[in-house]
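Inspection log for the structure reproduced underneath, given as structure tokens.
The values are calculated or read from the model by the stated rules, or taken from the named source; none is laboratory data. Keep in mind the model is a prediction, meaning the values are calculated, not measured. Cβ placement follows ideal geometry from the backbone for every residue including glycine, while neighbour counts extend to all protein chains displayed. Areas reflect the complete protein model, heavy atoms only, side chains present, ligands, DNA and RNA absent. Shrake-Rupley method; radii C 1.70, N 1.55, O 1.52, S 1.80 Å.
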Amino acid sequence: RTGFFERHEFEAVLEKLPEHLRPIVTFAFMTGWRIRSEVLSLQWRNVDRKAGVIRLDPGTTKNHEGRVLPYRAIPELNALIEDQWAAKGRLEAKRRKIIAFVFHRDGRPIRDFHKVWQRAATDAGYPSRILHDFRRTAVRNLVRAGVSEHTAMKITGHKTRSVFDRYDIVSEGDLAGALDKLATFHSSRSSDSANSGAVTTFGGSRRR
């Protein structure tokens, strides 16, 4: 599969989702973490709010490696975690019980929401989009942002380069952007040649 989200597509589906699911898909959109095994299972014991870091223990991820996410570097992600923390405090005061999971529905863990997701994606006009597309999207966004591949793999939890490459999708927009850069390159070279006073001929070049 080669699906991925542009920002406006993500926001369109987000509006169609129930409120308790929006933080989950936003977190997945930003980080590329696996939703079922790494996002839905995330607990507050993994979150160091003082340091602004989320840590997944070795053996709890698909590739069995631990992971560190300094989430405070992204204001939107930091606000999301703080909102979830505030909601946890209000619910704990009301229910008089500890809420262990970062993402939940009225205090209960969320196991799966594929049917709700599919309905929201269809209503937003993107019926072919799946939750796993967020993983591909995060990889592409990291590469676009100029993050090194090694660092990007540490963020998303890809263990091998071959798997990472499968998710680094190039869109038509990316290709158009690349050709724009190529056009600028040729234009600058042409200007340099004109300024040097050289006249290009079939046999090479001669000075004016």
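What residue, among those in region 16-38 that are part of a loop (DSSP other than H, G, I, E, B) and open to solvent by less than 10 Å² (accessible area, probe 1.4 Å), is nearest to Ala121 (Cα to Cα)?
Ranking the qualifying residues of region 16-38, first place goes to Leu17.
Give me the residue from region 3-15 that is closer than 24 Å to Ala87 by Cα and within 14 Å of the chain's Cα centre (by Cα) and, out of that set, most open to solvent (accessible area, probe 1.4 Å).
Glu11
Kindly provide the set of residues from region 47-80 that are crowded, with 20+ Cβ neighbours inside 10 Å and among the β-branched types (Val, Ile, Thr), ordered by number.
Matches in region 47-80: Ile54 only.
Examine region 96-113 for a residue that is of a type in the set (Gly, Ala, Ser), closer than 25 Å to Pro18 by Cβ, surrounded by fewer than 19 Cβ atoms within 10 Å (Cβ to Cβ) and in contact with a Leu (Cβ under 6 Å, 6 or more places away or on another chain), and state whether such a residue exists.
yes
Quick check: is even one residue across region 127-136 of a type in the set (S, T, N, Q), over 20 Å from Ser37 (Cα atoms) and free of Cβ contacts under 8 Å to residues at least 60 places away in the same chain?
No, that holds for no residue.
Give the residue, chosen from Trp44, Trp117, that is under 16 Å from His132 (Cβ atoms) and surrounded by 14 or more Cβ atoms within 10 Å (Cβ to Cβ).
Trp117
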